[in-house]
Amino acid sequence: METVILKNLVLNEDYARKVVPFLQEEYFHDKAEKTVFNIVSKFILKYNNIPTKDAVHISLENDTALSEVEFKKCVSISDEMYKQGEMSDSAVS
């Protein structure tokens, strides 16, 4: 369920705008998913826009609290979140 929420936050702007104010990090049980959620939700609230995959990766790289294993898991989650959008973009091209 958490993965579906994360994917929709970055692929569905209407969904993101409606649910971000109500989502809390406690809803995410996995530490990596919680970390990615925090990055995405803070970006949306700050810039009123959905972050790119690169923006999420840069934020992860700047997070000195993450171990190497946690960092890799977060990057993997981020990559998976954006996969459907990349497929849609390439299908249009």
- [ ] Identify, from the list Asn8, Asn48, the residue that is more than 14 Å from the chain's Cα centre (by Cα) and among the polar types (S, T, N, Q).
- [x] Asn48
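Name the one entry in Glu33, Glu61, Glu26 that is among the charged types (D, E, K, R) and touching a residue at least 40 places away in the same chain (Cβ under 8 Å). I'd like the intermediate steps shown before the answer.
Working: Glu61 fails: touching a residue at least 40 places away in the same chain (Cβ under 8 Å); Glu26 fails: touching a residue at least 40 places away in the same chain (Cβ under 8 Å).
After applying the criteria, what remains is Glu33.
To keep it simple, each residue is scored yes or no on (1) more than 13 Å from the chain's Cα centre (by Cα); (2) loosely packed, with under 13 Cβ neighbours inside 10 Å.
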residue: Ser41; (1), (2): no, no
residue: Asp54; (1), (2): no, yes
residue: Glu68; (1), (2): yes, yes
residue: Val75; (1), (2): no, no
residue: Ser78; (1), (2): no, no
- [ ] Please specify each residue of the stretch 3-38 satisfying the condition of being open to solvent by less than 60 Å² (accessible area, probe 1.4 Å) and closer than 11 Å to Met81 by Cβ.
- [x] Ile5, Leu6, Lys7, Asn8, Leu9, Val10, Glu33, Val36, Phe37
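The values are calculated or read from the model by the stated rules, or taken from the named source; none is laboratory data. Treat the numbers as computed from the prediction; the structure is a model and nothing was measured. Reconstructed Cβ throughout: ideal geometry from the backbone, glycine too, with neighbour counts over all protein chains shown. Ligands, DNA and RNA are excluded from the accessible area calculation, which covers all protein heavy atoms including side chains. Shrake-Rupley method; radii C 1.70, N 1.55, O 1.52, S 1.80 Å.
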